[in-house]
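Just below is one structure, and these are the notes that go with it.
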Amino acid sequence: MLKYILIPLLPLIAFIINILFGRNFIKDKAHWIAVPAVACSFILALSAFMNVASGNVININVYNWIVSGTFTVTIGFLIDQLTAIMLIVVTSISTLIFIYSIGYMHGDKGYYRFFSYLSLFVFSMLILVMANNFLLLYFGWEAVGLCSYFLIGFWYEKKSAANAGKKAFIVNRFGDFGFGLGVILVFLTYGSLEYTQVFSDAGSIAGQTINIFGSDVDLITLICLLLFCGAVGKSAQMPLHVWLPDAMEGPTPVSALIHAATMVTAGVFLVARCNPLFSLSHTAMNTVAIVGGVTSIFAASIGLVQNDIKRVIAYSTVSQLGYMFLALGVGAYSAGIFHLYTHAYFKALLFLGSGSVIHALGNEQNMQKMGGLKKYMPVTYAVFVIATLSITGIPGLSGFFSKDEILWRAYSSGELGKVLWLLGTIVALMTAFYSWRLIFLTFHGKFRGTHEQEHHLHESPKVITVPLMFLAFGAIFAGYAGIPPLILEHGDKIGEFLGPVLGHPHGEGSHLEEIMVMMTSVLVAVGGWYGAYIMYVKKPDMPLEAVSKFTPLYNLLFNKYYVDEIYDKVFVKPTLKMSDKVVLGFFDVKIIEGIVNGVPNLVGAFSKKFREIQTGMLSNYGLVMALGALCIIGYVIFLK
Amino acid sequence: MENVILNQLNYPVLSYTVFLPVLGALLLLFMRNTAMIRWTTLLVTMATFVISLPLLTNFDKTTYKMQFVERHQWIPSWSINYFIGVDGISVLFVFLTTLLSILCVLVSWKAIENKVKEFHIAILTVEAAMTGVFISLDFFLFYIFWEAMLIPMFLLIGVWGGPNRVYAAIKFFLYTLVGSVLMLVGIIVLYFAGGNTLDILTLGTVHYPVKLQFWLFLAFFAAFAVKVPMFPVHTWLPDAHTEAPTAGSVILAGVLIKMGAYGFLRFSMPMFPDAVRFFMTPMLVLSVIGIVYGALVCLAQKDLKRLIAYSSVSHMGYVTLGIFALNSQGMEGGILQMLNHGIITGALFLMIGIIYERTHTRVIADYGGFATLVPWYAGLFIILTFASIGLPGTNGFIGEFLVLFGAFKAQKLFGVLAATGVILGAGYMLWLYQRVFFETPNPNWGPGHHPLWDLDLREVITLAPLFALIFVIGFYPEVFLSYMHPTVENLLKHINTHAFAGEGLIAKHLMEIF
């Protein structure tokens, strides 16, 4: 069993070697260390998966990490069905992206640094999913945030990249603030941080309340909402979504691996992992579902009008993550994880495909300056279309299965569920529209870039296209792990596999309704395609007309609802101003230092006055003496 | 004496640790050659460190009692003894003191060119005095060390400091002295109230009237709060730190400001348990204000050293927050955080000193793009940045987490408020890092202008032990936590059993005061 510890350890070793010796010795051979390490992790992960599939659950404690009074927490690992799936997703996609990066990052002066950070990320992400307690989970959680910071700011000489990295870390800290308190509250409630113990005792506190700042709050709801704060930050849900689009400053393989396939899904993993807790609180569940639903439509609407190819995909990611939370919130945990798993493949593919485009165009990311790339980059175009068919939910590809399950579970879960289903369906329409818009703008029509760029247009090398093909394979077939029972009895293998950890959702609804939901989602997928086709292929003047007709709406969407501007005005600027002008300028300097320097100055001023009495002139002293004598005599004579 | 166990080693290890540096200082008086002075000091500090190591290795971790004790009559008519020993808390700070002293000598190797002999004498005497403070078990002895420490420190700032050094040195001295004088009054009162003895352990077993505890707590508080430094008596620290030479800043941040928190643990907790309970909430309030206030000021700082100095105010807020949470997680976290702060902030000041030798500026805006210019330096600095932010895997996380845990357990509101410091901390440290290391290199530096060079071997050696400790504690904090478990447990038991049972009763006693 101990060999499974190597799964995270191998990438860690690769990191240590590359970061220490990369600059002077390994240089552009860094992938010779990183790629085998992560590939071996993948093989070990497969073996762990097989082991779990045969009915074992691996739970090992390595050593006591922190001991203080009654508080104990270990470094320990749990590989159950949920972790096994995550292991496969993380290591398989990492391996492909590592290989892709050999080509994509070729010639970059930070080549060794790139592979170091990427390896450290894989280590951290594996710790996150393999932890058997909340604090080690938190360790992985923060460590992936650290790697994200490094990799977003990889080209740190660019101010925008440095800003984006910092922003990502700090925004995430807001979520982690709640998450950390949640972890503490879990221990204070259950006396342990280990999953097995906490979850088996989960129900024992149902109905208990806790006094927070004078009002009684349902304890389990509070715990869940605090934990969910962390998920909102890491998975870029509203209102903490602002960091993810900026995170596109990082190299494209990073966007694919960290900001699409793995790290940003950690929040989904967290909620799924804690399903025994969440299931006990209606309030918490509804919060998860609503935050997810609202975020998904919010982000999708922004994605409709963006021009930066990576930003479109980034908003798409935020939106799809919202979908996953929507699923979790209606109790369909395995549907959420299923979508996490299929999304990882098609979204990584979209990012890497866009990377291939950006690479060919010499770092151009504006889609308005692309067009007609179809004939120059046939492989990239083909995989892009596959990923788009998959994400829009066209039957037969991965995305269809998971998306359909989410919509059906939402629909069948009750009143709120129906509303969420409607929301999800509108999002599906938008998703289809912006995804096809991306394809049409990038690959169809005439090339709108410079001649220089056109002259250099080429398909990417094999080291880039082969990983794309593998991912395309996943984007088509990964979904067959969860065929709806409506189509194939016992087809929902992944749901059954995850059953022991995530339970089985119970909804109500007839077959007829299920077919109706399915038909609707296919219909909107086609509808979205048709809309984009009309606007961007048939009548290319239409977008401009639409913009001039709906200018305020367009501006609102194009400027991302001005959320960044609002945060800057309401939080960032006032905090900086207050710390400078009020806390430092007024309180520290004027008041405290005023007193500290004032007292000695006062004493000094007094003594200066007294010093002046001593003039050194005899006549003065004589006068004072005489006056004094007179006073005493007068006192004796008249008052005695 | 039931609280004392005798020396496990057959030689007076603690006396050696204190007096070897003094002996070294005396030796330096007879030297002229600066190279010889540096090497001698280095050897003396290293020897002191080696001599102090058996304190850790032979320490009995199962007991709270004083160990390696030495006790001799000194001034019998006033029942003053030469009485020293360590427990699970002080032993850690002896270790930190002897370790940081070596690094202070190393980092000053090229930075100090002026009055080299006097400088090293000051370093050695301050080392001896600081060690003495941590191991004294007699109030008279303690007070001598406590005050003795001020003189070389005053000189370090006032002679080898920056342009505004005289103001900073006097401010430091007066600030500390005001607190110390009140403590001296407190000690004299204790002497009479506790049965004409200055034995710290014996005085800790007496149960003083609540009214007396109240005033004595405040008298000692004056001395300790200035040292910590707690809000609002912190303003000496930024000036002292900024003006002090690198070695001085390291000593200040690493050891000297730990003495305030140590004083609370050694004196206030065992001697005035009722007052401690009574003042718990006010202390937590001041701690939380310190955490948030210090962090906010950091956001506004334009000077590298001043920023780190104010971050100390914030970090030391966690220390007092943990200690006054009055539970084992908070207290152990607080003590560990003292150690962590010594390691992280000590290392940060070493790093700033190292870069200052090259750039001769502390203004953040003069930097920029240093990750390109001095990559190894930048790599080490980012580790410190994240240790300071409290990222898991580093020592900062363990301390901060235990403190927040303890605070939340004790009084939820303070746990929540203190946790906001985690966000602000990330804000000011990452912003600092960006301004110094990221973006395009500042045209002032680099080839053709002002030459910069990356870390050399001496500097790497200076920094290495602290970086090792960051990760060792981060992954296996038991290395140090295991020393303090019994001591902390005993202290808390003492507070909980000795203190009057009900808060109401304390309040009633205190009503008489007003």
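The values are calculated or read from the model by the stated rules, or taken from the named source; none is laboratory data. The shown structure was predicted, so the numbers you read here are calculated from the model rather than taken from an experiment. With ideal geometry, Cβ positions are generated from the backbone for all residues, glycine too; neighbour counts draw on all protein chains shown.
Does A:F115 fit the bill of being more than 30 Å from B:Q329 (Cα to Cα) and out of contact with any Cys (no Cβ under 8 Å at 6 or more places or on another chain)? The answer is yes for A:F115. Looking across the range A:185-213, just one residue is surrounded by fewer than 18 Cβ atoms within 10 Å (Cβ to Cβ), within 11 Å of another protein chain (Cβ to nearest Cβ) and in a helix (DSSP H, G or I), and that is A:L188. Scan the range B:268-284 residue by residue and report those that are out of contact with any His (no Cβ under 9 Å at 6 or more places or on another chain) and either closer than 12 Å to B:F134 by Cα or charged (D, E, K, R) (or both). Once the filter is applied, which keeps residues that are out of contact with any His (no Cβ under 9 Å at 6 or more places or on another chain) and either closer than 12 Å to B:F134 by Cα or charged (D, E, K, R) (or both), the range B:268-284 yields only B:R277. Within the bounds of the range A:231-251, is there any residue that is in contact with a Lys or Arg (Cβ under 8 Å, 6 or more places away or on another chain), within 22 Å of A:V217 (Cβ to Cβ) and not basic (K, R)? Yes, the range A:231-251 contains at least one residue that is in contact with a Lys or Arg (Cβ under 8 Å, 6 or more places away or on another chain), within 22 Å of A:V217 (Cβ to Cβ) and not basic (K, R). Residue pairs whose Cβ atoms lie under 7 Å apart, separated by 6 or more positions or on different chains, with the first residue in the range A:398-414 and part of a loop (DSSP other than H, G, I, E, B) and the second among the hydrophobic types (A, V, I, L, M, F, W, C), are A:S413/A:V330. Consider A:I613 carefully, then state whether it is farther than 29 Å from A:M238 by Cα and assigned to a loop (DSSP other than H, G, I, E, B). Criteria met by A:I613.
Being more than 9 Å from every other protein chain (Cβ to nearest Cβ) and either out of contact with any Ser or Thr (no Cβ under 8 Å at 6 or more places or on another chain) or among the aromatic types (F, W, Y) (or both) is not true of A:L126. Collect the residues in the range A:129-141 that are within 11 Å of chain B (Cβ to nearest Cβ), more than 15 Å from the chain's Cα centre (by Cα) and not aliphatic (A, V, I, L, M), keeping them in residue-number order. Answer for the range A:129-141, where residues must be within 11 Å of chain B (Cβ to nearest Cβ), more than 15 Å from the chain's Cα centre (by Cα) and not aliphatic (A, V, I, L, M): just A:F139.
Among the residues of the range B:155-211, which ones are assigned to a helix (DSSP H, G or I), polar (S, T, N, Q) and within 14 Å of chain A (Cβ to nearest Cβ)?
B:T176
Only a single criterion out of (1) surrounded by 15 or more Cβ atoms within 10 Å (Cβ to Cβ); (2) under 29 Å from the mean Cα position of the chain (by Cα) is not satisfied by A:G509, namely (2). Within the range A:45-100, restricting attention to residues that are of a type in the set (F, W, Y) and within 14 Å of chain B (Cβ to nearest Cβ), which residue is surrounded by the most Cβ atoms within 10 Å (Cβ to Cβ)? Looking at the filtered set, the residue picked out is A:F71. With the condition kept exactly as written, say whether any residue in the range B:337-355 is over 20 Å from the mean Cα position of the chain (by Cα) and over 22 Å from A:T70 (Cβ atoms). The answer is yes, given that some residue of the range B:337-355 is over 20 Å from the mean Cα position of the chain (by Cα) and over 22 Å from A:T70 (Cβ atoms).
A single entry from B:F370, B:F381 fulfils the requirement of being of a type in the set (F, W, Y), in contact with a Pro (Cβ under 8 Å, 6 or more places away or on another chain), under 24 Å from A:N24 (Cα atoms) and buried (at least 18 other Cβ atoms within 10 Å of the Cβ): B:F370.
Of the residues B:S90, B:S79, which is polar (S, T, N, Q) and more than 27 Å from B:L350 (Cβ to Cβ)? First the steps, then the outcome.
Values: B:S90 fails: more than 27 Å from B:L350 (Cβ to Cβ).
From the options B:S90, B:S79, the qualifying one is B:S79.
Flag: A:Y381 matches the condition of being of a type outside the set (A, V, I, L, M), at pLDDT 90 or above and touching a Lys or Arg at 6+ places or on another chain (Cβ under 8 Å).
Only one of the numbered conditions (1) modelled with pLDDT of 90 or more; (2) buried (at least 16 other Cβ atoms within 10 Å of the Cβ) is violated by A:R23, and that is (1). Filter the range A:389-430 down to the residues that are among the aromatic types (F, W, Y) and more than 17 Å from A:T317 (Cα to Cα) and list them by number. Answer for the range A:389-430, where residues must be among the aromatic types (F, W, Y) and more than 17 Å from A:T317 (Cα to Cα): A:F401, A:W408, A:Y411, A:W421. The listed residues are B:G317, B:G346, B:G353, and the only one of them that is small (G, A, S), part of a helix (DSSP H, G or I) and over 30 Å from B:P441 (Cβ atoms) turns out to be B:G317.
Determine, yes or no, whether B:L9 is surrounded by fewer than 16 Cβ atoms within 10 Å (Cβ to Cβ) and either over 13 Å from B:V94 (Cβ atoms) or in contact (Cβ under 8 Å) with a residue 40 or more places away in the chain (or both). I'd like the intermediate steps shown before the answer.
Details: surrounded by fewer than 16 Cβ atoms within 10 Å (Cβ to Cβ): yes; either over 13 Å from B:V94 (Cβ atoms) or in contact (Cβ under 8 Å) with a residue 40 or more places away in the chain (or both): yes.
Yes.
At positive phi and assigned to a loop (DSSP other than H, G, I, E, B) - does that describe any residue in the range A:349-361? The answer is no; no qualifying residue exists. Picking from residues in the range B:272-324 that are over 30 Å from B:I187 (Cα atoms) and surrounded by fewer than 24 Cβ atoms within 10 Å (Cβ to Cβ), the one that is farthest from the other protein chains (Cβ to nearest Cβ) is B:K305.
Quick check on my filter: what residues within the range A:562-580 are more than 8 Å from chain B (Cβ to nearest Cβ) and either closer than 20 Å to B:V292 by Cα or polar (S, T, N, Q) (or both)? Write out each step before concluding.
Quick first cut of the range A:562-580, residues more than 8 Å from chain B (Cβ to nearest Cβ) only: A:562-574, A:577.
Once the filter is applied, which keeps residues that are more than 8 Å from chain B (Cβ to nearest Cβ) and either closer than 20 Å to B:V292 by Cα or polar (S, T, N, Q) (or both), the range A:562-580 yields A:V570, A:F571, A:V572, A:K573, A:P574, A:K577.
Within the range A:142-184, the set of residues being more than 16 Å from A:L244 (Cβ to Cβ), touching a residue at least 12 places away in the same chain (Cβ under 8 Å) and at the interface with chain B (Cβ under 8 Å from one of its Cβ atoms) comprises A:E142, A:A143, A:L146, A:K158, A:F177, A:G180, A:L181.
Within the range A:532-564, being under 15 Å from A:H444 (Cα atoms) and either part of a helix (DSSP H, G or I) or touching a helix residue (DSSP H, G or I) at 6+ places or on another chain (Cβ under 7 Å) (or both) holds for A:A532, A:Y533, A:I534, A:M535, A:Y536, A:V537, A:K538.
Here B:L326 meets the list (1) part of a helix (DSSP H, G or I); (2) more than 17 Å from B:L237 (Cβ to Cβ) almost entirely, failing just condition (1).
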